[in-house]
Each structure stands twice: as C-alpha cells, then as structure tokens.
Amino acid sequence: MANDYKYIGKNYTTPDLVAKVTGKAKYAEDYRAEGMLFVKLLLSPMPHARVRNVDASAALAMPGVKGILRASDFPAPPAPPTPPGGQAPPPPPLPPETALTDEPVYQGEPILAVAAVDETTAAEAIELIKVDYEPLPFAVDPLDSLRPGGANARAQGNVYTGAGPTLKVANVKWTDADFAEAREGRLPMGEAPDTFVLGDIEEGFKKADLILDETLYSQSTGHQPLETRTAMAYWQGGKLFLHGSTQSVAQTVPNIARMVGLKVDEVVLISEFTGGGFGSKIPGSHSMAIPALMSKKLNGVPVMMRITREEEHYIGRARAGIFGRAKVGFRKDGRIVAMDFFTIQDNGPYNPQGDHRSAGAMASLQFQPETFRWRGISVLTNTPPRTSQRSPGGMQMNALLDPIMAKAARKLGVDHVELLKVNAPAGKAPYGPIVPATKKQAYVTQANVREALEQGKALFGWEEKKATAGQKRGTKVRGIGVAVGPYTAGSIGFDGLAIVRPDGKVQVQTGIGNLGTESVIDCQRVYAEVLDTPWENFEVVWGNTAKGLPWTCVSAGSQTVHAMTRAAHAAATDLKTKMQEVAAKMRGGSPASYKVSNGKVGPLTFAEVAKKAIELGGKYDGHEGPEDINAFTKSALKVVAGQGLIGVAKDNYKRDGNTHSFVAGFAEVEVDTETGAWHIVDYTAVADVGTVLHPRNLNGQTFGGSMLGIGHAVSQRWVYDKQYGVCLARRFHHNKPPSIMEIPHTVKIAATDIPDPETPVGARGIGEPPVGAGCGAVAAALVNALGDEAFRRYPMTPDLLLTSIDSKSLQHDALTAHI
Amino acid sequence: MGIDFLTRGITPWGQSVFTHISWDLLWVSFFAGVVFLAAHSVYMLLSAHSKRASADVDALEAKLKGLPEKIQRHSLPARLFHWIMAAAMLTLLFTSFLPIVGVKFAWVEWHWMAGLVLAASILYHIIHATFFMDFWSIWVGPKDIPELKSEIMRELGGDTSGPKAAKYPLGNRLYHMAIVVTGIGASATGLFMMKKVQTPFFTRDPYILADTTWSWMYVAHGAAGVALVGLTMAHIYFAIRPEKLWLTKSMLFGFITRRQYLEHHDPTRWRVPGSEPVGGRPSE
Amino acid sequence: MAVIHDMMPAFELFQPASLDDALGLLDRHGADAWVMAGGLDSFDWLKDRIRKPAVVVELGAIEGLRGVKASGDGIEIGAMTTLTEVVTNPLVREKFGVLFQGAEAAASPQIRNQGTIGGNLSQDARCWYYRAGWSCYRAGGNVCYADTPTAVNREHAIFGADRCVAVNPSDTAPAMIALDAKMVIRSSKGERIVDAQDYFVGPGTDITRLTTLQPGELLTAIRIPGTWAGAEFYTEKVADRKVWDFPLVNIASAMKVNGSTIERARIVVNAVAAQPMRLEAVEQFVAGKPRNEETANAAGELAVRGAVPLAHNAYKIPLMRNLVKRAIRGGDNGWASTS
C-alpha cells in the first residue's frame, strides 16, 4: 500500500486526551461506592517462610473491622484442559502463584488481607495480627544459589529446565572449578540446561581477527508504573464488577474469571484508563482477586484495595536481571563470524521467564552472526516475581552486547555504525533456533535496519560528532554510541467489531487497553481509512466489557498496532461490504457500484443504511455472525446486536514471517572525569516499524521507550540485603527511575516509514525496540568516551565510573546481583 | 504492669529481640549500692566486729617468733594486675554509663580499648593464679561454712573460737567470686561485640551470631555492667573504710605487718614463712 | 505484631499560631510530641508507622518563623521559610550565592515548595537500613546493618564512623557552615545560639540524633553574618540523578581571594560523615597560598586523609578529593554549556 492515506500517518487528537489532561479521567482508585470497605495487606517480612499460625482474633474484634481473607479462601486453580483424545498435561512443577499465600517466597508477598470501614482501621488491625512464621532457606542472588552448597529458593529446586510438557524444577549446583573464573571477574559458565546452536562456533572463531570475551550484568528492575495496581470490586446479580488497572481489557476478563473461579461472562471489567504497565499488567494482576474475593465473602459489598508504592515494588513485577558473558569473534571489517552468548537469568520465585531465551534469539537476529551459540540457565530466587518488561530479553541483549560492539569497533578501527550495518538483518532475516518442523530458523516479515542506521546517522550528525568523540576538554570527555533494538512487533488472528448506528455515526468497539500508548484509538483510524469517512464520524467504545467488546490481543510485545489494525481492517471491510449490500438491496444494482465515502454509501447516508440493516436483521444487525470469531466476540455481538449495521470479522490475512520492529538509537554522552557524573547530550532514534500510524504518538512511544532503556543505563536501581533477603530500595526515590532531568538535551525521532508487506495496513508495533536501543546506545557511547574498562554492570552511576576513571581499572564486580 | 527490665527491638524480619537491659537498672544497681553502703556504715558504727584481742595477739606474737616484721600479702605481678584491672574497669564503667546518664562523648573506642586491657589482664590473672599462686585460696566452698559461722558470731559481738580468716577473708573471697562472674561475663560478651564496631583487628560482621544469640549477649553484657557498678562502689567503699585500710595499703605496697597478720588471720590457715610455732601449735 | 507501612497512624495535631504556643505545647507533651515543619521527613516516619507520636506540632501557621530579612550586613532566615523562598530571595542570591545554589540543588521543585530550610538542616539520616525501621544503633539498638560483609553502603560514611555509618544528607548544611551561620534555638527555658558547625553532631556524641536539637527545642531562625557576603563561592552536588536525589557527596565553600592569593576560606563537605565536615586543615593549608592547580591538588589530598571506606563507597574518596580540588580551583573549563 502506498502512503496515500488520509488518516493513517496523520496527527490528530485522541478522544481520551482531554480527560487525561484535565484530571477527569477515572482510574480504578477514583471510584467510590456506597458502603465501600477498604482492604489492607499483611506482607511477608521474610524472603521465604511457612506460615504456621495466624492469630487474628484481636484484629477481628476491633470495631470497624469487617473481614479477613486468607490463601485458603481462594478457589483451587482449574486443571489445565486435556486435549481431545490426549493425555492430561503434567501438573506444573511449582504451585501457581496466587494473590495471597501461606508459603511466601519473597519478602513483601501478601499473606492475608483485612477489610475495614477505612484504611486507618485496617492498618491498625493488621498490626494486631500475630503470624507465626517458620523461616525457610532462601536465595536472592542466582550465583549464590548455583554455588556448591548454595541455598535453593524453592523446596523443589533452584533452576527451571525444559519447556512445555517437559518443564521441571531441578537442583543445579556448579562446582568450585566452575566458579574459579569468578575470581578473575569472569562469569562462571557451568552446566546450562537451555541452549541453541547455529553452525559451528569453533570453526567461526578460527576465522576471527578479533575475539572479545566480556562479562556484564544487567540488573533486575521494577516496572514502576505511575498508577499502582489498585482495584475495586463488588458483586451484583451474580456478576463480579471489577474496576482495575490493566494493559489489556478483553484478555484480562478470562484471567480474572480463572482467579476468582467464575465463567468469563460472569465478570465485568471496567478499566478505561491505566497509568502505565510496561508489561506488569498484561492481563491485569493476581492482586485483583483480593477485593473480588473479599467482596464475595462479605456478600458483595464494594471493596477497594489501594496498592501503595512500596507494595507495588513487591507485587508489581520486575524485569529479570541477567548475568551475561559473550565471546564474540569479529572479522577485520566488523562482521561477526562467531558469537558464544551465555546467560544466567534471575527468574524470581514463580513462573519460568523467557528473557534469557529472548536475549539469545534477539542477538541472533540483530547481529546475524555467521555461527552462534546461546546457553542459558534460569535460576529461581526469593525476590519479587518477574514478568515481561518492555523489551523483555531484548533490552538485556542490548545492554550485554552493545558495549562489546563499541569496544570491537574501536579495536578494529571500524566505524561503529558500519559495524552494525555489516551485521544488520535485512529483508526476511532469520533468527532464533532451528524450528524442528521446518528444519530452518524462523524469519521476520521485513527488516530495514541498514536504512534506519543510515537515516539516523545523518539526523544525529554522527560524522561531525565523531570528530570530537573521546576528546577531553577540561575535565569532560564526550563519546558517541549506536545500537539497534530489535523485537517482536505484532500478532495475528484477533477480531474487529463496529456498528454503524442509525444516527450515522460509526461506533467502534475495542477490547484494547488504554495503557497510555493510545493504540486503543490509533488502530481505529483504519476504519476511517477503509470507509473513506472523516474521523469525526467515528466514536470508540473501550474499557468496559459490559458494553460488548471483541476479542483482542494483549497489549504486550508490541502486538497491538499490528494485530488490531488488521482486525480493524477486516471489520471495516466487513462493514463496507455489508453497507454496499444493504444499499444494493435498498436501491438495486450491484453492491460494488456503491462507493463508500464521506459518510455515504453511494447516494445513501450511513444512517439510512444502518436503519435498513436493523430492519434486515441477521448478519446485517449482528444477530448472526461469522463462525470463526472468538467466543468472547460472540458474547459481545449479543450485546450490540440490533443497534445498527454491524461489522464483525476475524483477522484472517496471510502473513509470511514473524513480525518484528527495529529502532536504531544514537547517543552522545558527556562524562565529568573528576566526578563520574554524566549526561546525554544528544539522542536520535529512527524507528523501522512499517507504516507510521500516528506520527506524534510514534514519537511519544519511541521517546518513552528510549527513556525506559536509558533509565537502566543511568540510574534505575533494585537493591537487596543478602543477609535477610529483604528489599532496601523500597521507596520510589530509592528505585531512581530516570527523572525529567535525565532526558537528553536534544532528542530527535524519525521513522523509515516503509510499509510492512505482510499486513494490509503496513504498520508494526513500536513498544519494545526503542528500549534496548536507548540502553545499548548510551552504554556504547560511554565505552566510546571512557575506554574499555569503564563499567561491567548497570546502572552506570557516577560511583562506578569515577572509580574506574580514577584507578584506570575496573573496581566493581559484575558478579553480584541487587547492589 | 511491671518494670520492663529488657528493652526490645525488632529484627529485619520483624521478630522481637532484646536489644539490651533497661538502663533504669543502672539506677537500681547504683541505689542498691548506695543503700548497702549506708546500711553498712551505720552497722559498722554499732557492731562489735572484733578483731583478735590484743592480748591474744601478743601471745601469738610471742609464740611465732619466726614471723618477719613484714608479711607479703600481694606479689608485685598480682598488684599490677589488680591496679591495671581497676583502671580498665573504671574506664569501662565511666565510658559506658556516663553517656547513658547524659554526659555525651565519643566513648566507644575508649570502651573497647579498656575492654581489651581488662580481658588481657583477666587472662594473665587466670594463668598467674593457676600456676603461680595458691589457686584455691580465693575460692569459696562448703569448707568455708565454719568461717562463715564464726564471722557471723563475731559480727554479732560474741567472741568465738571459730576459725579466723585464711589469706583472704570470706567477704573478700565472696566479692572475688561476684567479680569473676560479672567481669568474665562482661568481657567475654564484650569481646564478641568488638565484631560489631570498626576496630583495627576485625572486619565488622554482626552476622557471626544469630540475632537472638546477640540479644542475650547484650542482656548479659548490660546486666554484668550494671552489677559491676554496684560491686565497684562496694569495693571502693571497703577500700577506703578506716578499718580496712591496712588491706588497701597491702594492695599498694604488697605487705602487711606481722601484727595485722596475727590480728586478722589464722596462721594455721594462711601459712607464711615463720608461722609455724616454736614449740607447739597456737591454741585453738 | 505485624509490620505495615504507608498508613499514617492517628495522632493529635496542633497547629500553633505563635512560637510561644508551640514551645508551650512541646513543654506540655515532652517526648510524646513530634515537631513537623514541611513534613517531607516527618511523613516518611509517620506513614511507615515507625514513629508513632501521640502529638504532632505543625509549625506552618507561625508567621514569625517565615521569611528572609536583612540583619545588619547579613540576613536572618526564619526556619519555616521554604527552600523555594530561599532560592528565589534576592538577598540570598545577591550576597550568599552558595546558599542559593545549595538550596536549589535540594530534592525537586515540588519538594522545595513544601520543604523548609529548618527542616532541610534538621532532617534525619536517610540510611535505608535505619529508615526501614530496623533496630540499628541509630534507632537505639545495637547493630549497624549498613556495615557488614554483605551490606549495600554506597551512600554511607567514609569519616567518623562510630558504630553508625549513616551520613547527613542535607544540601543546605554545607552552605550554612561555609557562611558561618548561627542557629537560633528556642525552648521554653529561653534561647541559645550555636554555630552552624556545632549544630550537627556525630554518632560518638549522640548516635540517635544528627543535630544538637533536644526535645522541647525548636530551631527558629538562621542568622548569616555579612562576613562572607559576596565572597567567591563554590557549590557542587554529585548524585545519581540531577533532580530528586540525595547527594553522593556535596561541597560548599566560601573563599576570599586577593589577586591570585587565597586569603582565607571555609570549605564544607557533606554526605561523607554523620556531620557535615568542615575541612579546617584544608582551610589553614590554603590560606595565603596561590590559587593554582598545585594548591588545589594538595588541598584535595589533604581533605581525604584518614578516610575509611566501606565495601561500596570507596569512590567517595576520589570524589571528595576532586570536589575539594574544584572548590579551590573554581569552575571547570569543559565543553561549552549545552543545557
């Protein structure tokens, strides 16, 4: 599709914006209801313990205290479905996480909840509760757990092995001989259960002109969305009504239903605005079940659970920290002939995380090494649960590998941009392990990384800046760096649903979450484009599942723009076809002879066609629908049927390859060599995300994503005391996400704007790739400014840099987590 | 309701532990000491507490012709130990309790340095007493019951033929016993505590012991320290009482006079050169 | 008893309108009373339920404690003057730039709007072990969790560790000491005036307080004499973030320079010990010396003599050394400003 769009690629104001900037937007915490109770949580003081006894008698005797909720009040998790004719899947190796527990596996894990007439009373009641804990062995640092005799985070073991039906928790201890390398500051590489190999790396290294072997540590970090995961719930007419904070509206409903023990259509979720998620609220949160079940226990009375910032640190999820070691062989021109990438992932205490695996896959994509081996081990720790954080694994890959690229560029005398270009993925570039079914690697739909690098190089002024990079003026030295963040950027197969109402307006129903990305609205611009009708004729309904919302992708992994522009395209096309058919029925002639444009179908208005559709019924007003749409959409269709002409369709468009986006980031940093303080002078990002859907928003997302990655480089911390296994950086000001003053002095953002050939609209997601690009580019720029021995861990705070500068050698280790 | 004898804190895991004894107990010990001193002084004014009658001493003196004029009571090493220990003890008490009563200064280094001196002197003393002194002479046991009885009788004013003191009077030895318990208790726990502060000797590491072990250690250290306040007061009081000055002098100069020896001791129980009678045992 | 944070316990709130009323309240309630200025430090303690005072005396309504006024050739700043008011005051800017810059470096604009100069000077230690409510030395217990083989003590002291290794986090304290300010302290018993330098105490003297302020006492004003008005000042704060952060190390100095000779100077460094450290040895050393790189280097070396680093804060030694060097040398000559 050529870029002759009228709406796509144009700036406009999203309809939710006024509410956001005037404070009228209602988040979960803003809701109040008659007789509403408040819940407070009792958190585990220990990183791993068993609750032997709870004495809540004094608390429950307090006036104003209404009830207590324990782990035992939760319904048993439903057994995973048995495939038809198949065997029942094995039970998961660890009991699944629930919102309350009697075996806390990290400090801060909620043990119980108390409901009272107000929070003051609830807090006083919590203080009166006596909990008898039996402390259990714990580990907060993956390397400590791998050492001979190291403690295991869980009784079942310390390491996840296998995947799918073979997933197990095993007891893995490395030997003293394995750890001998640690004394030299290199990451020990013992037995690692996960691996994939592409070609013969030994042969590859033989071809290398330069081999680097580097250890780096990318720390765990909390997601820290500004809105904590507060939730309010009540029951009415046998249904659960839940006001919550989620990234994905439609897909949160089944999750709540499962946690609370309900059918999907017994849950109504209201989540019109969400103050950020970054992967931590993909299908809502476990903690949503607490007010839901407390309310149920108290006969449906509304229950509000406000989550504090400290609680958010514990239950609000985190990125998995990764210890990485990479041995990389380069040819003279910078081409990577061999890469041996070893990763130890801090898995947290619960579900197996895939960041380390993604890091391996993204390394194979980003650098297209001639030969490659990835090895990984995911170690359970008694620290807050991990989950995907914007560019999970991708960002860590950039953090662990891009400093090595900067070093190689310097040693080889190759321009860093050229080094990335010679290794860049292009077209339908392959990545990841060999797929057993095809005996080949998977491949992307389209990569235009060289184009992005060229465009960015010019926009950034790379050549001019290169002239002064590494030079010292006074006490300050500058450096430049570049990195490319790759990541998945789109899924397929979801549903679109829209109504042409009798008043002539087109009402688009969407199950996308309003998590701050604006894709909830942006994707619907496709309707305007397909119907060739001004945007003012469209209304979007979102954020309340009682209103009939279609099955939608989770807003995660940068899927939404790709998946839901496709679904919108399918439903809009369905609308168009049906309107043409209805017009033909009204005025005769062939449907195709009726041009849909500017709110009219041939001579007929949308309103006239809609009224006729209601009259016609059947598929035209939604009383019948296609078979292939999701059951969730079918339920939604029942809600909206009869309200007008209904367009409803599943995205059945073909796709060859897996959708990925790329961002090329360029950074210039300035370091004060007397203090170690530094800042980013200039930052440029060029997005290769297919067709640009909404330029202003693309800028916002690229900028925000870049800052998330930059925050990992600059200041964001996560600190644990090893002796007690408890959090030290528990306050927001300890976590130090980047402030407004850490924003680069100048930021330029652009896009290649080359349509993706495998999707009708041409657009891919932007969420993830700027994160790794931002982190990697800044890290590379620091290497460029300070030389090879500047840092081995993130964030690169002034203390680390100053000791390196001052002693001209590394003074910090990369082998301790959480400091 | 009641007095809180122990101050509580919480561990990082929210478990309640003792941090130390209540410093109110310092005042309890102090006032107990004062009350004892007052009571004792009054009692001393009224009671008989006779030493050996003059005539008897003359008789003994005549009999024990071999006794020298000066009898060594404390060897130089023993005296050095005593005074070093006394200085260390006073430093320890002042450095620990002055800040508690409101005289603020940087006391910790002085305290642990004095503590090291005390611990070293105790160690020295134990070795010295075991190998070079009459180890059992200071000990208290069932065999001392007759002496206790006769001491009580004497204090009540009656003269008695019961045994007089050997080298160390019973009160002296009971006091030594109390000092052994509190002094070793305080210094042993104090040595562990040195792992908790910056010193040139160790890397700080409070995790060598469990939180609860530490909590009892602090209670023991505090209780011993507070007890030592009262004990030290009593000791100084006795040292400066007129009728005990001969003992105090002996701790300074090492000897007592022949007459003092005979007045206060039982030559059969504390044998010194020349205490064997010429021509028979003293009357008993 | 279970621990719960982030929910302020109930207390009786007093908002006296006069200083006498405030002192009367403190007298009446003794140790049960908590004095609150801007609340930035207090609310942390209260919300975490680590401190549960029966009575909070909030000083915001006492007009007499607010504002900056000329006093002889110096100024007097009411303790309840907000940091923003200090930063925007023309007298402060004109005469005592070192204070202006120190105050402006504190926290964030929102916090400066609410936080007071008295509160900033009198704030408690920010050691995260102490602030977690653990029974450490500073909290009246008998362990320092911040100096153990596994402790994370990047922000802690390199000087004057006496059991406790917490540091004074104030951004304005070094400026006040550099300017030889006098702290006016009132209680129902009367007024005492102490040098800014003596306002702060180390753990040896009092391990549970950072200042000499006793229960029942209020810091009412800070008097800055004209002695150093218009001198050459230097301030710098190094922190992880450029806003909303405590210093890793900060410095404030006032210097009288005649030609190229340093006549006299006052140099104060904070966040390296429990008290802001006035570097008197360095001051004596540089007095009468030419102002050049050599003097600056020697001053820097002298400043860090005797520092004892912990596991994670050895960087404070070169950082402090370099900051002292820069204070003597004056502004650096780096790239043209890009901010």
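Figure legend: label point modelled 7 angstrom from the Cα of residue A:6 along Cα→Cβ; residues of the range A:578-622 with amide N under 11 Å from it are A:596-600.
Relative protection proxy for A:30-36, B:110-116, from highest mean packing down: B:110-116, A:30-36 (other beta-carbon atoms within 10 angstrom). Label sites at residue C:261 and residue A:120, each approximated as a point 7 angstrom past Cα along Cα to Cβ, lie 6.7 nm apart. Counting Cβ atoms of other protein chains within 10 Å of each residue's Cβ and taking the mean over peptide B:4-13 gives 6. The angle between the Cα long axis of helix B:170-193 and the main principal axis of chain B comes to about 20°, on a 0 to 90 degree scale.
Taking Cα atoms only, the orientation of helix C:293-303 departs from the longest principal axis of chain C by about 30 degrees. Based on C-alpha pairs under 8 angstrom that are at least 6 apart in sequence, chain A has a relative contact order of 15 percent. Here's the picture: charge each Lys and Arg Cβ at +1 and each Asp and Glu Cβ at -1 in chain A, and of A:252, A:755, A:680 the one pushed furthest to the positive end of that dipole is A:755. Rolling a 1.4 Å probe over the protein heavy atoms gives the protein assembly as shown an accessible area of 37 Å² per residue.
For chain A, adding -39500 (n - 2.57) for each run of n ≥ 4 DSSP H residues and dividing by the number of residues yields -8500 deg cm²/dmol at 222 nm. Overall shape: oblate for chain A, with the ratio a/c of the largest to smallest alpha carbon gyration tensor axis at 1.5 or above and b/c at least equal to a/b. Classified by the C-alpha gyration tensor, the protein assembly as shown has a prolate form. Its axis ratio a/c, with a ≥ b ≥ c, is 1.5 or above, and a/b is larger than b/c. Contact order for the range C:231-338, expressed relative to its length and based on alpha carbon pairs under 8 Å spaced 6+ residues apart, stands at 23 percent. Interface between chains C and A: roughly 4800 Å² of accessible area buried, both sides summed (probe 1.4 Å, protein heavy atoms only). Of all beta bridges that DSSP places with both ends in the protein assembly as shown, some 80 percent have antiparallel geometry. Legend: calculated FRET efficiency, residue A:634 to residue A:33, from the Cβ-Cβ distance at R0 = 30 Å, rounded to 0.05, equals 0.45. Taking each DSSP H run with n ≥ 4 as -39500 (n - 2.57) and averaging over every residue of chain B yields -19500 deg cm²/dmol at 222 nm. In the range A:634-766, the DSSP beta bridges split such that about 70 percent are antiparallel, to the nearest 5. So which residues in the range A:41-65 end up with at least 30 square angstrom less accessible surface once the other protein chains are there, compared with the chain by itself, probe 1.4 angstrom? Residues passing the criterion (a loss of at least 30 Å², heavy atoms only) are A:45, A:46. If a/c stays under 1.5 just call it rounded; otherwise compare a/b with b/c (prolate if a/b is bigger, oblate if not). Do that for the range C:12-57, with a ≥ b ≥ c from the square roots of the Cα gyration tensor eigenvalues. Oblate is the answer for the range C:12-57, as a/c is 1.5 or above yet b/c matches or exceeds a/b. Simple point charges give the picture: +1 on the Cβ of Lys and Arg, -1 on the Cβ of Asp and Glu, and for chain C a dipole about the Cα centre of about 540 debye.
For the residues C:329, C:93, C:266, a 1.4 Å probe over the protein chains yields an accessible-area ranking, largest first, of C:93, C:329, C:266.
FRET efficiency for the residue A:17 to residue A:598 pair, using the beta carbon distance and R₀ = 22 Å, is estimated at 0.30. Using a 1.4 Å probe over protein heavy atoms, the accessible area lost on pairing B with C, summed over both chains, comes to approximately 1800 Å². For the range C:303-317, the residues whose backbone nitrogen is under 15 Å from a point 7 Å from the Cα of residue C:281, taken along Cα to Cβ, are C:303-309, C:317.
For the peptide A:718-725, the mean number of other protein chain Cβ atoms found within 10 angstrom of a residue's Cβ is 5. Quick one: with all protein chains in place, what share of the accessible area of chain A is carbon or sulfur, to the nearest percent (1.4 Å probe)? Accessible surface attributable to carbon and sulfur in chain A totals 53 percent. Per-residue ellipticity at 222 nm from helix content only, as computed over chain C with -39500 (n - 2.57) for each DSSP H run of at least four residues, stands at -7000 deg cm²/dmol. Counting, for every residue in A:799-806, the Cβ atoms of other protein chains within 10 Å of its Cβ and taking the mean gives 5. Measuring nothing but protein heavy atoms, the accessible surface of the range C:12-57 at 1.4 Å probe radius is 49 percent carbon and sulfur. For the options B:254, B:222, B:14, a Gaussian network treatment of chain B with springs between C-alpha atoms closer than 10 Å singles out B:14 as fluctuating the most. Here r is the Cβ-Cβ distance between residue A:210 and residue A:748 and R0 is 35 Å; the resulting FRET efficiency, rounded to 0.05, is 0.60. When the surface is traced with a 1.4 Å probe over the full set of protein chains, residue A:297 keeps roughly 100 Å² accessible.
Projecting the Cα atoms of C:98, C:235, C:199 onto the charge dipole of chain C, computed from C-beta unit charges around the Cα centre, puts C:235 farthest toward the positive end. The accessible-area loss of the range B:183-231 on complex formation, taken against its chain alone with a 1.4 Å probe, reaches 50 Å² or more at B:198, B:204, B:207.
The values are calculated or read from the model by the stated rules, or taken from the named source; none is laboratory data. What you see is a predicted model; the values in this text were computed from it and never measured. FYI the Cβ positions are ideal-geometry reconstructions off the backbone, even for glycines, and counts take in every protein chain you see. Quick note on the areas: whole protein, heavy atoms, side chains included, nothing else; ligands and nucleic acids left out. Shrake-Rupley method; radii C 1.70, N 1.55, O 1.52, S 1.80 Å.
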